[in-house]
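So the structure is just underneath, and the comments pick up after that.
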Amino acid sequence: MKRVFNPPSVRPPFGQYNHGLLVPPGASLLVTSGQLGIRPDDSIPSDVTGQAELCFEAIKAILDEAGMSFADVIRISGFVTRREDFAAYMAVRDRYTLEPKPVSTLIVVGGFTRPEFLVEVEVTAAKLA
């Protein structure tokens, strides 16, 4: 069972995430590479919502293959190229995350490997064997 940490001496989270999660000993750990909003046919949605959905669907497939789900995600790192895309990205993130909410970081970056990419997401998941 993961333990949640949101100390009263720290400002509450801005959104649907926790400040800290403690994973018990013996958990299996899965770390993903950053996933981009690109379909298997190489097409890319033009908006951050469509790209974020593809990122999270790719992560879902990786979790499934590892015998895990979004309930096992303990950390999400999101990267967007425009500050104005925060809300759209977080709305997609919040649809996929489950309790206890993972810890989360969102960073504005200058760009990705191709200019049409607007968002990239990576996760860490842990599950008791």
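Tabulated data
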read-out: Tally of residues being part of a helix (DSSP H, G or I) and buried (at least 16 other Cβ atoms within 10 Å of the Cβ) across region 63-73; value: 3
read-out: Number of the exception - ASP41 against (1) of a type outside the set (Gly, Ala, Ser); (2) surrounded by 13 or more Cβ atoms within 10 Å (Cβ to Cβ); (3) at pLDDT 95 or above; value: (2)
read-out: Failed criterion for LEU98 (all others in (1) open to solvent by less than 30 Å² (accessible area, probe 1.4 Å); (2) touching a helix residue (DSSP H, G or I) at 6+ places or on another chain (Cβ under 7 Å) hold); value: (1)
read-out: Some residue of region 104-122 being without any contact (Cβ under 8 Å) to a residue 60 or more places away in the chain, under 23 Å from LEU22 (Cβ atoms) and within 15 Å of the chain's Cα centre (by Cα); value: yes
read-out: In region 1-21, residue least open to solvent (accessible area, probe 1.4 Å) [restricted to those that are over 19 Å from GLU122 (Cα atoms), not aromatic (Phe, Trp, Tyr) and not in a loop (DSSP other than H, G, I, E, B)]; value: VAL4
read-out: Pairs where the first residue, in region 65-81, is closer than 12 Å to PRO102 by Cα and the second is assigned to a strand (DSSP E or B) and acidic (Asp, Glu), C-beta under 6 Å, 6+ apart; value: SER77/GLU122
read-out: From ILE76, ILE59, residue being under 9 Å from the mean Cα position of the chain (by Cα), of a type in the set (Val, Ile, Thr), crowded, with 19+ Cβ neighbours inside 10 Å and assigned to a strand (DSSP E or B); value: ILE76
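The values are calculated or read from the model by the stated rules, or taken from the named source; none is laboratory data. No experiment lies behind these values; they were computed from the predicted model shown. Here Cβ is always computed from backbone atoms with ideal geometry, including for glycine, and neighbour counts include all displayed protein chains. Please note that ligands, DNA and RNA were not included when accessible areas were found on the heavy atoms of the full protein model with its side chains. Shrake-Rupley method; radii C 1.70, N 1.55, O 1.52, S 1.80 Å.
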